[in-house]
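Single-structure report; data block below.
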Amino acid sequence: MHSFGAMYTAPAVTGCMYNNGRGTSSSDRLLSYLPLAHTAERAVVEAMSLFSGCRVFFNLGLETFSADLRRARPTIFLSMPRLWGKFYQGINERIDPAKQAAVFADPVEGKQMKAQILSALGLDHVHTGLSGSAPLPVKVMEWYRELGLELLEGYGMSENFGISNFSLPGAVRVGYVGAAIPGVECRIGDNNEILVKSPAQMLGYYKRPELTAESYTADGMFCTGDRGELDEQGRLRITGRVKELFKTAKGKYVAPVPIEAKLGNHPWVEASCVTGVGLAQPLALINVSPDTRAALATAEERDKVATELEVFLAQVNAQFESHEQLGCLVVVAEPWTVANALLTPTLKIRRNLIEDRYQNQIEAWDEMGCKVVFE
């Protein structure tokens with residue numbers, strides 16, 4: 001439950017995030033396309049438009065999204081990593097990355113191409129690009145930064161109306177979601193749990209006073225259920241969920257989120273789910289892009305995909321301790337979508353449903369001894 005005060009507080013305290021600290025104004029334009037039942041859309045689009053008098057455009061549907069984005073030419077654009085990545089991949093399919101790099105190196109031609117790319121995407125007027133709900137792949141973030149658009153990652157929850165931590169222009173640290181925004185207190189508690197006290201904190205869970213009481217520390221900090229760490233500037237890095245830690249057969253705990261973030265750096269991987277309770281090594285279920293899935297139709301192309309993913313797996317494993325290294329990658333046959341309930345409306349994985357779907361096959365995949373398995 002939230003008060004109207006929380007809706008007012010959200011845009012009132014987040015001005016430092018927008019337009020290099022200048023805040024928002026009635027000249028700003030927003031495109032609304034995420035469910036308005038979602039906190040991020042409520043805070044960034046609904047509350048912001050009421051607070052600042054921003055102009056709001058609405059997306060008609062998935063098939064018109066690109067046209068609607070170019071029509072709106074938003075100055076503030078909130079998106080999820082999956083969509084930022086789709087824009088990136090779409091441009092790479094039209095303009096070879098090597099050619100982009102060569103042109104970008106030329107001050108004059110590079111400036112022109114960067115402007116053309118942003119214009120083609122409908123992002124040429126964006127002064128503030130926001131990303132949340134999952135880690136943004138490093139390659140994707142660096143590409144947008146090369147174009148002149150610094151994406152700002154943030155962290156918040158429905159319980160605090162999304163008002164918690166956010167990266168600020170010029171202070172972005174890759175892999176971190178920023179320091180606590182003005183008025184927010186953030187610290188790390190027992191078991192590395194992130195504790196937050198926000199000026200937009202909920203009134204409580206509806207008709208659940210016991211659950212509400214259990215969710216706070218004695219000094220009023222909200223227990224997020226997320227695990228994290230703070231750097232010397234107070235910027236927060238999410239390391240997983242307290243309840244998502246699982247133990248392998250070796251008795252070692254594995255945090256899936258950091259591994260999934262590394263897997264997301266490959267352009268073929270749209271989403272992944274690291275699992276493996278009771279296995280000697282964890283494994284990752286991966287949902288690949290439509291083009292990659294289409295390529296699996298022939299044995300020759302499947303072998304190429306397997307070889308590429310095996311090399312990538314070795315690169316990922318080299319970044320983790322031995323007990324965290326993945327035994328294999330499993331390319332799932334059916335895409336994970338919002339329609340089949342394996343992704344949320346903001347394209348985060350529904351971990352428990354995914355694990356339930358594949359749990360009867362996981363042990364057999366592990367015993368195959370292959371580095372890349374196709375369902």
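The values are calculated or read from the model by the stated rules, or taken from the named source; none is laboratory data. Since this is a predicted model, take the numbers as computed values, not measurements. As a convention, Cβ positions derive from the backbone with ideal geometry for all residues, glycine included, and neighbour counts pool all protein chains shown.
Considered as a group, the residues in segment 349-375 that are among the charged types (D, E, K, R) and surrounded by 15 or more Cβ atoms within 10 Å (Cβ to Cβ) include one that is farthest from the chain's Cα centre (by Cα), and that residue is D366. Residues in segment 345-368 that are touching a residue at least 40 places away in the same chain (Cβ under 8 Å) and not basic (K, R): 12 in all. Among the residues making up segment 280-301, those that are among the aliphatic types (A, V, I, L, M) and farther than 23 Å from D366 by Cα are A294, A295, A297. The set of residues in segment 132-149 that are outside any helix (DSSP H, G or I) and out of contact with any Ser or Thr (no Cβ under 6 Å at 6 or more places or on another chain) comprises G132, A134, P135, L136, P137, G148, L149.
Being in contact (Cβ under 8 Å) with a residue 60 or more places away in the chain and of a type in the set (D, E) holds for only one residue in E109, E159, E142, and it is E159. The conditions of being charged (D, E, K, R) and either free of Cβ contacts under 8 Å to residues at least 24 places away in the same chain or farther than 22 Å from L30 by Cα (or both) are not met by E153. Only one of the numbered conditions (1) in the same structural domain as S3 (by TED's automatic domain parsing); (2) modelled with pLDDT of 95 or more is not met by N191, and that is (2).
Are any of the residues in segment 341-348 under 21 Å from the mean Cα position of the chain (by Cα), among the basic types (K, R) and surrounded by 13 or more Cβ atoms within 10 Å (Cβ to Cβ)? Checked against the condition, which is being under 21 Å from the mean Cα position of the chain (by Cα), among the basic types (K, R) and surrounded by 13 or more Cβ atoms within 10 Å (Cβ to Cβ), segment 341-348 yields at least one hit. Would you mind stating whether E153 is assigned by TED's automatic domain parsing to the domain that holds N19, in a strand (DSSP E or B), of a type outside the set (S, T, N, Q) and surrounded by 15 or more Cβ atoms within 10 Å (Cβ to Cβ)? Yes; evaluated as a whole, the condition is true for this residue.
Please go through segment 304-333 and give me each residue that is charged (D, E, K, R), closer than 16 Å to A249 by Cα and surrounded by fewer than 18 Cβ atoms within 10 Å (Cβ to Cβ), ordered by number. If you could, list the steps in order and put the result at the bottom.
Let us first name the residues in segment 304-333 that are charged (D, E, K, R), namely 304, 308, 310, 321, 324.
Right, trim to closer than 16 Å to A249 by Cα and you get 321, 324.
Passing the criteria: only E321.
Just one residue in the set A180, A213 is surrounded by 14 or more Cβ atoms within 10 Å (Cβ to Cβ) and of a type outside the set (V, I, T); that residue is A180.
Pairing each residue of segment 279-301 that is part of a strand (DSSP E or B) with any residue that is among the aromatic types (F, W, Y), provided the two are 6+ apart or on different chains, yields C-beta distances under 7 Å for L283/W365; L285/Y358; N287/W336; V288/W268.
Quick check: anything in segment 304-313 part of a loop (DSSP other than H, G, I, E, B) and either in contact with a strand residue (DSSP E or B) (Cβ under 7 Å, 6 or more places away or on another chain) or at pLDDT 95 or above (or both)? No, there is no match, as no residue in segment 304-313 is part of a loop (DSSP other than H, G, I, E, B) and either in contact with a strand residue (DSSP E or B) (Cβ under 7 Å, 6 or more places away or on another chain) or at pLDDT 95 or above (or both).
Annotation note: of A261, A255, A271, the sole residue that is in the same structural domain as V331 (by TED's automatic domain parsing) and over 17 Å from E324 (Cα atoms) is A271.
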